[in-house]
Ligand SMILES: Nc1nc2c(ncn2[C@@H]2O[C@H](COP(=O)(O)OP(=O)(O)OP(=O)(O)O)[C@@H](O)[C@H]2O)c(=O)[nH]1
Ligand SMILES: [Mg+2]
């Protein structure tokens, strides 16, 4: 090895990944980079994600070489929606996860809760940003509803186009802090990023009128450094996490908790005082975070209530029909 190489050792941050080529943000410059060969030799290799701080060998004339990933303070992962259900790595070192949801057909309480659980489990603070407030006449109702998800979830309503409510978000963009935007396509993530930075950094795209969904304008994750030293990660809208079936979605997001429940000694374990409880063990070891478990319980309870309500309504409906009060 060339002894001079050590002079070129630097610390940068992954800002973009396209297939096997990486971009490192280093002193305001974007450098093309590739991984050191040994990454591909490891059995359970941990590959860099956008947001990672990495040690690399600077090559001013070509690809720099990524040598190692620094320890992550937070790591957002989501359950793969395919049959394998493995966790997909998304982004790292994110202080605040902005769950961007527009105040139109895109709004879904359950989806917000699922994103919030992803953030909490990854050690990042969920901040729900309800966008397009200019198109909504009852913003307060939505804010109050989101507030019921968890004490850990913060909520703001904004209009990026009219600049309403943006000042409320300033507190998150402190020097060194990283904010990641998650949300469906067309929710207004890139428009919000442009409004915050005051420049047209990201391309934005129109939404379909019929259902307000976007056309996947942003195609890859991108880390951007603001002038004050804060970072924003813009991401492409996620189709899969936005499923409409609430319970199905909850089951998917909390697959790991369901699996733990199956491992309890008693099949009817309430995870309270029972011996051999896998949930309590996972909470103790930190494998499962308290917030995520609480959110799971809240959501499941909410869904059971809704189900019970529907069953009740249907029971009464049948009785009314039977006694001729209502037509079938
Ligand atoms: N009325 C209104 N429209 C907005 C607002 N913010 C964004 N939009 C519009 O919503 C559409 C989608 O915005 P984008 O910022 O491209 O959405 P995105 O979340 O980045 O979408 P993807 O990149 O596909 O994931 C665009 O036509 C924006 O002009 C807002 O505050 N008010
Ligand atoms: Mg976008």
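The values are calculated or read from the model by the stated rules, or taken from the named source; none is laboratory data. Remember, it's a predicted structure, so these values are computed and weren't measured experimentally. Neighbour counts run over all protein chains shown; Cβ positions are idealised from the backbone, glycine included.
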key: Scan of segment 264-315 for residues that are surrounded by 13 or more Cβ atoms within 10 Å (Cβ to Cβ), modelled with pLDDT of 90 or more and part of a helix (DSSP H, G or I), ordered by number   = 278, 279, 280, 281, 282, 283
ask   = Would segment 96-103 turn up any residue that is over 15 Å from the mean Cα position of the chain (by Cα), touching a residue at least 24 places away in the same chain (Cβ under 8 Å) and part of a loop (DSSP other than H, G, I, E, B)?
value = yes
key: 1 or more residues within 16 Å of ligand 2 (Cβ to nearest atom) and under 20 Å from residue 76 (Cβ atoms): qualifying strands (runs of 3 or more DSSP E) within segment 112-228   = 125-131, 178-182, 222-225
ask   = Does segment 123-139 hold any residues that are more than 12 Å from residue 180 (Cα to Cα) and surrounded by fewer than 24 Cβ atoms within 10 Å (Cβ to Cβ), and which are they?
value = 123, 133, 134, 135, 136, 137, 138, 139
inquiry  = Condition first: in contact with a helix residue (DSSP H, G or I) (Cβ under 8 Å, 6 or more places away or on another chain) and surrounded by fewer than 22 Cβ atoms within 10 Å (Cβ to Cβ). Can you find one or more residues in segment 64-77 that meet it?
reply    = yes
remark   = Looking across segment 196-212 at residues that are surrounded by 19 or more Cβ atoms within 10 Å (Cβ to Cβ) and over 18 Å from residue 104 (Cβ atoms), the single one that is modelled with the lowest pLDDT is 202
